[in-house]
Amino acid sequence: MHIDLDSFFVSVERLVRPELMGKPVLVGGTSDRGVVASCSYEAREFGIHSAMPMRMARQLCPEAIIVKGDGEQYSKYSNIITEMIHENVPLYEKTSIDEFYVDYTGMDRFFGCYKMATELRQKIIKETHLPISFAMSSNKTVSKVGTGEAKPNGQKEIPFGTEKIFLAPLSIRKIPMVGDKTYQLLRGMGIQQIRTLQEMPCELMQQVLGENGALIWRKANGIDNSPIVPYSERKSISTERTFEKDTIDVRALKSLLIGMTEKLAYQLRDEGKLTSCVTVKIRYSDFNTYTMQARIPYTSLDHVLIEKINGLFDKLYQKRMLIRLIGIRFSHLVYGGYQYNMFEDTIEQIHLYQAMDSIRKRFGNDAVSRAAGSNYKPNKVNAFNGIIAKP
């Protein structure tokens, strides 16, 4: 079962502002340099889609109502729905703030999988008043494509053995992994429908697109053996540093925190994950250890996380004693498509993150960093107070 909340950000906004119902609505950055994070189906009729520059969206639909996103509200409803799914299914995977996979394998002999899925959808709609769509099939790829066909606010079952028949008449754009460049390449080869891909030899697709070509061919034929990755709120990544000499240099400590945060945030983006809970840890010279955490909207962006980490450190560091160790942890991780804070960031900021990550992938994690965190050098003597930071 693949579950997707329809126009999630717009739907949450409509709960608060019912007057937005039936109107073209854009959620995202409110300036012309901003980006569309989500748009209503009424707006999509004008050719608007997510990640489109807001200026272009305004030109396509001048009457569209633009709403600045509220990440806290969206995370709140995402957590509510996650808890409902957790209580009602045997195994599930949360792939983003508004998207889930559920594994009902073996449940047919007791209840009936499609019936259980239908009841879960009805329960979510009744308790949250949010539109939600799902599709059920034998694997992830076909279910995800099926959900797209079931929208808006619908459901669909693709019985075992009918996967190829279901996919055949659809556009090749429907296949996960087929982006704009791949689509244009395949269209240049005269391929428009998935049916054509199904009839082609896998070796030909592999010659044209390499290993990705073989993967796309398998998806086109309804073949996908990827398993459900069980979701757990306990998943986390963390780092901490013990000082050879205890310190009270707050400026140096904050520089170190910035560097640590940058490294972990890059790790999140590199692994395609988002965090919704951050924790700061301090151990004083008397070995007493204190932590403080905060829930945040799902993100993987340095500047959002740095601001929250600094705020937690300021609240936590009250004793004004020498510090022996500091650490940070990102938890409540999900695999996420919501990689950028489109409610605040401009296209330039998004491109900056992409460029920085590209440099790091090519030349290493330390190839580029903020000046404020440039004192963070693992295994090296830092520029402040001769302190040595040890992993």
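Would you be able to say whether some residue in the range 241-252 is within 26 Å of I97 (Cβ to Cβ) and either in contact with a strand residue (DSSP E or B) (Cβ under 9 Å, 6 or more places away or on another chain) or of a type outside the set (S, T, Y) (or both)?
No; the residues of the range 241-252 include none that is within 26 Å of I97 (Cβ to Cβ) and either in contact with a strand residue (DSSP E or B) (Cβ under 9 Å, 6 or more places away or on another chain) or of a type outside the set (S, T, Y) (or both).
Return the only residue of S50, S75 being outside any loop (DSSP other than H, G, I, E, B) and polar (S, T, N, Q).
Just one listed residue meets the conditions, S75.
Quick check on the range 27-45. Is at least one of its residues over 24 Å from H351 (Cα atoms) and assigned to a strand (DSSP E or B)?
No, that holds for no residue.
Restricting the first residue to the range 96-107 and requiring it to be among the aromatic types (F, W, Y), which pairs with a second residue that is in a strand (DSSP E or B) meet a Cβ separation below 7 Å and a spacing of at least six or different chains?
Note: pairs meeting the criteria are F100/I3; F100/Y92; F100/E93; F100/K94; Y101/H2; Y101/Y92; Y101/E93; Y101/T95.
Yes or no: the range 145-162 includes at least one residue that is aromatic (F, W, Y), surrounded by fewer than 21 Cβ atoms within 10 Å (Cβ to Cβ) and at pLDDT 95 or above.
The answer is no; no qualifying residue exists.
Can you tell me which residue is nearest to K245 (Cα to Cα) among those in the range 276-292 that are under 21 Å from the mean Cα position of the chain (by Cα) and modelled with pLDDT of 90 or more?
Top of the filtered list is T279.
If you scan the range 306-331, which residues turn out to be of a type in the set (A, V, I, L, M, F, W, C) and in contact (Cβ under 8 Å) with a residue 40 or more places away in the chain?
I306, I309, F313, M321, L322, I323, L325, I326, I328, F330, listed by residue number.
Are any residues in the range 29-47 farther than 17 Å from K151 by Cβ and touching a residue at least 24 places away in the same chain (Cβ under 8 Å), and if so, which ones?
G29, T30, S31, D32, R33, G34, V35, V36, A37
If I ask for residues that are of a type in the set (K, R), farther than 30 Å from S300 by Cα and at pLDDT below 95, which ones from the range 92-125 would you list?
If the condition is that a residue be of a type in the set (K, R), farther than 30 Å from S300 by Cα and at pLDDT below 95, then R109, K115 are the ones that fit.
Consider P176 against the criteria (1) in contact (Cβ under 8 Å) with a residue 12 or more places away in the chain; (2) closer than 19 Å to A135 by Cα; (3) part of a helix (DSSP H, G or I): it satisfies all of them except one. Which criterion is unmet?
So P176 meets the others, but not (3).
Hey, H303 hits all of (1) without any contact (Cβ under 8 Å) to a residue 12 or more places away in the chain; (2) in contact with a strand residue (DSSP E or B) (Cβ under 7 Å, 6 or more places away or on another chain) but one; which does it fall short on?
Tallying (1) without any contact (Cβ under 8 Å) to a residue 12 or more places away in the chain; (2) in contact with a strand residue (DSSP E or B) (Cβ under 7 Å, 6 or more places away or on another chain), H303 fails exactly one: (2).
Residues that are modelled with pLDDT under 95, acidic (D, E) and more than 30 Å from T30 (Cα to Cα): does the range 73-91 have at least one?
yes
The values are calculated or read from the model by the stated rules, or taken from the named source; none is laboratory data. All of these numbers come straight from a predicted model, not from anything done at the bench. Ideal geometry is used to build each Cβ from the backbone, glycine not excepted, and the neighbour counts take in all protein chains shown.
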